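Student: I'd like to ask you about the structure that follows.
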Amino acid sequence: MMDEDCSLRPGATDFSIAAIMARQDRPQRPKKSGKREEDAAGSDGAVCRRRRDSPVLGRRRDRDTPPEISSSTPGEDPVSSSPNPVLQERFNAEELRHVTCHLETKELWDKFNDLGTEMIITKTGRRMFPTLRVSFTGLRPDQRYAVLMDVVPVDNKRYRYTYHRSSWLVAGKADPPAPCRLYMHPDSPFTGEQLRKQVVSFEKVKLTNNEMDKNGHLVLNSMHKYQPRIHLVKRRENGLSVPITDLEMEEYKTFIYPESIFTAVTAYQNQLITKLKIDSNPFAKGFRDSSRLTDFERETMESMLSEQHFLRSPLLENGNLTLEERAMFAARFQLSLRAAAAEVAAGPYGAL
């Protein structure tokens, strides 16, 4: 019968006349192609998301895409970070509340700070430049005080210098810090009257990277940022000779100067810092024309200037030497010093 489904007949095929006629008579069903396309798109999106979230593909994408350079540590919220109490001015004695400490040569420190101050550290110890020089007001004239200095890490980061950007970037987590040392000014204790009339200079402080140092130098890690601190400690008459090892056991006030923050390095990274040190440091004037410097702040020039002390040594004052012999001896000594300084100034790329 014609009303039967011809497609169900035994001899019917998709291309037979009966099958074609049956499809024409069959009622049209609503199209679901849109639904299927959405489902396909959804499944494709899910697959893409799964592939994108795959740890293997994520690692591959990380290798193909250069990492973003940032000056902050991953996972750290800079907004919620609270001030470090170690880097804040503080006191534990009401008598010291109104004592003020002024940083001398602040303008010079500001110049270095604008560029990013660097301080050389060596195994044997290297002096700081600029030098920390401070003066005090608001002290009791008859009270005795000790003036101390230390250097503490600014943060828990290690840095590297990028020459193409001329800037410092975070390179990772900081190395374990060495135990903090207190450096007491050798002229301590002072009376309040003495401190009112003079400037306290920490020109003899030396920075080192030698953790086994036994000379009292301040031990630092290279490529880390540090904050110098000045401590004014009230001394008791019966304990003037007792060394200060723990500030919390004393009556003290701490002074902080953010412009004195520096990065410890074994060789200067920023050429502008090198130039500013040469232009500003009287001990480095003789090396103004040097092209590649690691550090000529003090020690080398002090060796040159020691010639003046050598000329007054007992050896040259011996009456057995004639004036001509003394002049010849001094000239040879001067030439040897200048030759040694020139060899150092040439650096590893100088003539062999």
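The numbers here are math on the coordinates, done by the rules we state, and not lab data. Keep in mind that this is a model prediction, so the values were computed, not measured. Here the Cβ is made from the backbone with ideal geometry for all residues, glycine too, and neighbour counts use every protein chain on show.
Student: What is the gain in length, in nm to one decimal, between THR162 and ARG196 on full extension, counting 0.36 nm per residue of separation less the C-alpha to C-alpha distance? Mind dumping the intermediate values first?
Tutor: Working: separation 34, 0.36 × 34 = 12.24 nm, distance 4.44 nm.
Full extension of this stretch gives 7.8 nm more.
Student: On to the next question. Given N residues in the range 81-211, what is Rg(Cα) / (2.2 N^0.38 Å)?
Tutor: Details: Rg = 17.3 Å, N = 131, 2.2 N^0.38 = 14.0 Å.
Taking N as the residue count of the range 81-211, the ratio is 1.24.
Student: Another question about this same structure. Report, in listed order, any pair from LYS214/LYS277; LYS253/LYS277; LYS123/LYS197; LYS111/LYS225; LYS106/LYS214 with a Cα-Cα distance greater than 26 Å. Show your work: numbers first, answer last.
Tutor: Details: LYS214/LYS277 28 Å; LYS253/LYS277 31 Å; LYS123/LYS197 36 Å; LYS111/LYS225 17 Å; LYS106/LYS214 32 Å.
Pairs exceeding the cut-off: LYS214/LYS277; LYS253/LYS277; LYS123/LYS197; LYS106/LYS214.
Student: A further question follows. Report the extension gain between SER241 and ARG133 in nm, rounded to one decimal, defined as 0.36 nm multiplied by the number of residues separating them, less their alpha carbon distance. Walk me through the intermediate numbers first.
Tutor: Numbers: separation 108, 0.36 × 108 = 38.88 nm, distance 2.41 nm.
Computed gain between SER241 and ARG133 is 36.5 nm.
Student: Now for a different question. Let me know the charge dipole size of the range 195-253 about its Cα centre in debye, to the nearest 20, where only the beta-carbon of Lys, Arg (+1) and Asp, Glu (-1) is charged.
Tutor: Numbers: 11 positive and 8 negative charges, 73 e Å.
Here the size comes out at about 360 debye.
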